[in-house]
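Here's the structure, in structure tokens; my notes come after.
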Amino acid sequence: MSKNNDSNQFRKVDVDEYDENKFVDDEDNGESQVGPDEAEVDSLIRQGNLMEALQAVLKNPPINTKNQNVKDRAEALMLKVLSAFKSSDIEKAVQSLDKNGVDLLMKYIYKGFEKPSENSSATLLQWHEKALSAGGVGSIVRVLTARKTV
Amino acid sequence: MSLHQFLLEPITCHAWNRDRTQIAISPNNHEVHIYQKSGNQWVKSHELKEHNGHITGIDWAPKSDRIVTCGADRNAYVWSLKDGVWKPTLVILRINRAATFVKWSPLENKFAVGSGARLISVCYFESDNDWWVSKHIKKPIRSTVLSLDWHPNNVLLAAGSCDFKCRVFSAYIKEVEEKPGPTPWGSKMPFGAVLAEFGGAGGGGWVHSVSFSSSGNRLAWVSHDSTVTVVDGTKGSTPSQLKTEFLPLLSVLFISENSVVAAGHDCCPMLFRCDDGGSLTFVSKLDLPKASITRNISAMERFRNMDKRATTEDRNTALETLHQNSITQVSIYEGDQSDCRKFCTTGIDGAMTIWDFKVTHTHTHGETHTHTHGETHTHTHTHTETETPTDRDTHTHTERQRHTQTETPTHTDTHTETPKHKHIQPHTHTQRHIPGQVH
């Protein structure tokens, strides 16, 4: 019927920017976090030891660091490990994780959805299904409510 | 007809009187409606109209029979019954944002109001000037206060807020009470002091609800990141957090020293156990859907249902749980916080349900059987008992069905020999008055 052709730029303005009561999150020193060890994970993938690779890549998540590169590298590494798995092994791999592991996996999966590449979405969707049955909707809620994520 | 209309309105909050013959609810508007129990029905007896904004909290003091209400109009009123009419007294809260929650203290000489103004208003009655005075607790709250609970000593106050933290404050008012003795939470308690602070740290979600146990030593809260956390003040200050796989919970309540009931967006109350070591475990959901009885619905009924709902396909969109929408508040109906036999839930579907369960002692092989008893009162004027088999009135039938259903999910494997461990064994009997089924 009627289409709004005016500019919607006003929606991108942060109205709270100059509010003196603005909530500032606790500063957490995350400079020391370097993310999972790439060399170790790569060697485990080459050896075919995918379960170990998964455990290794879930170590040292770069949650608090402000360095975007570290986060990108960790995400790329995670994607490499997840894609290396055979579809039939995914379920077993998810079962081997504890609750925190499943939550962290879910965070990486959603991070991966944000920047889809060639085949990433398909693999991620398979992993998402298995992680969802292990962690329930609660794990997704924790991805959404986490303020500092991978 | 008007009665029907508000039935579909969400019940924002509710409060019971002392003997549970009356309930005060707010049907998501500026009013509080008080319903009186008469037989099996609830009849509206009073309407409290004074607020100019939505009512966000109601609390009924059991001993002094006063109701305090707070609303989005930044006001709170204390209501007293005079000659059969509830008369309001305005309380100047001095807040510039909506009030979100209100609770009488255990001795009913003060009440606390949480607000969006990032502060808690603790109000007490000054008899010299014959009015209610409020004192503010501001620091270090940095966002809306969502929920409050008083410690049994009438001084400590737990507050859950949108800045992802749960805190224990002192609300000691020297004008109305004696200096309190030391507690596991601390011994120096000037007004407004923070005795404990939990949560935050880059994670967590808004703290929707907090609850002290009956001894006051334990504090439980539920947060928007689908977690339940309990901390035991006597055992140091490391909270025990349980990350659930459900949608976030909105209301939490201690029903014994070791058990916590919580309910929320999954429309179903859930039971958690907190053992002596302080760790929290999920026991079970307390609303078990009965096994679907696939009955042959006549074609006539099928089309009638489609007509009624104005749908084009024949699909049953009702939830399996008793509540058809999120549960926003859980309260004690029978018993007290150390030994609750019945509790009540109200939610966005406008329904009020009373759950009852029995607490028994340890089973020898340590399996918890949880059955629930729910009676939905949906306040329908047309009280037609349906004859269709979907009516959950068949006592023995459902009990057996539920019995088999619950064997699997609850394996607590507790191996407890100590008899003081209580296991919840509710028994099923659900009676649902399904509105509007006409022959």
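Bear in mind that the values in this text are calculations on the coordinates, not laboratory data. All values derive from a computational prediction rather than experimental measurement. Backbone-built Cβ (ideal geometry, glycine too); neighbour counts: all protein chains shown.
The mean number of partner chain beta-carbon atoms within 10 angstrom of a residue's beta-carbon across peptide B:234-246 is 3. The mean count of C-beta atoms from other chains within 10 Å of the C-beta of residues in B:81-94, rounded to a whole number, is 0.
Could you work out the mean count of beta carbons from other protein chains within 10 Å of each residue's beta carbon in A:132-138?
On the way: counts 1, 1, 1, 4, 6, 8, 12.
Per residue, the average neighbour count from other chains is 5.
A Cα-only calculation for region B:94-153 places Rg and Dmax at 11.7, 34 Å. Taking 18 Å as the straight-line reach from the Cα of B:LYS285, the lysines in range (excluding those fewer than 8 positions away in the same chain) are B:LYS243, B:LYS342, B:LYS358, B:LYS422. Working note: Karplus 6.51/-1.76/1.60 with θ = phi - 60° gives region A:65-74 the couplings 6, 8, 6, 5, 4, 4, 5, 5, 5, 5 Hz, where Gly and Pro are set to x.
Over region A:1-145, the pair-distance histogram of Cα-Cα distances with 10 Å bins from zero comes to 10, 33, 29, 15, 9, 2, 0 percent, rounded to whole numbers.
Every Cα-Cα pair in region B:117-194 was counted, and those over 14 Å apart are 61% of them.
Can you tell me the FRET efficiency between A:LYS66 and B:ASN305 if r is taken as the Cβ-Cβ distance and R0 is 60 Å, rounded to the nearest 0.05?
Details: r = 56 Å, r/R0 = 0.94.
With a Förster radius of 60 Å, E is 0.60.
Per the Debye calculation on region B:100-229 with a single equal scatterer at every Cα and no solvent contribution, log₁₀ I(q)/I(0) for q = 0.10, 0.15, 0.16 Å⁻¹ amounts to -0.29, -0.64, -0.72.
Shape analysis of region B:222-343 based on the Cα gyration tensor places the equivalent ellipsoid semi-axes at 38, 15, 12 Å, largest first.
Could you tell me which of rounded, prolate or oblate describes region B:181-291, using a ≥ b ≥ c as the square roots of the eigenvalues of the alpha-carbon gyration tensor, with rounded for a/c under 1.5 and, failing that, prolate when a/b is larger than b/c and oblate otherwise?
Working: a/c = 2.22, a/b = 1.67, b/c = 1.33.
Prolate, since a/c reaches 1.5 and a/b exceeds b/c.
Would you mind getting me the FRET efficiency between B:LEU8 and A:ARG147? Use the beta-carbon distance for r and R0 = 41 Å, nearest 0.05.
Values: r = 36 Å, r/R0 = 0.89.
Step by step, r from the Cβ atoms, then E = 0.65.
Any chance you could check the Cα centroid distance between region A:103-130 and region B:215-264 for me, in angstrom? Their Cα centres are 31 Å away from one another.
Taking only DSSP H segments of four or more residues, each worth -39500 (n - 2.57), what value at 222 nm results for chain A once the sum is divided by all its residues, to the nearest 500 deg cm²/dmol? All intermediate terms of the calculation are to be shown ahead of the outcome.
On the way: 6 runs with 86 residues, N = 150.
Helix-only estimate at 222 nm: -18500 deg cm²/dmol.
Seen from B:ARG94, the other residues with C-beta closer than 12 Å to its C-beta sum to a net charge of +4, counting Lys and Arg as +1 and Asp and Glu as -1.
Which order do the peptides B:162-173, B:330-341 take when ranked by the mean count of other beta-carbon atoms within 10 Å per residue, highest first?
Details: B:162-173: 23.5, B:330-341: 16.9.
By packing density, highest mean first, the sequence is B:162-173, B:330-341.
Mean projection of the Cα convex hull over all viewing directions, computed for region B:46-119: 4.7 nm².
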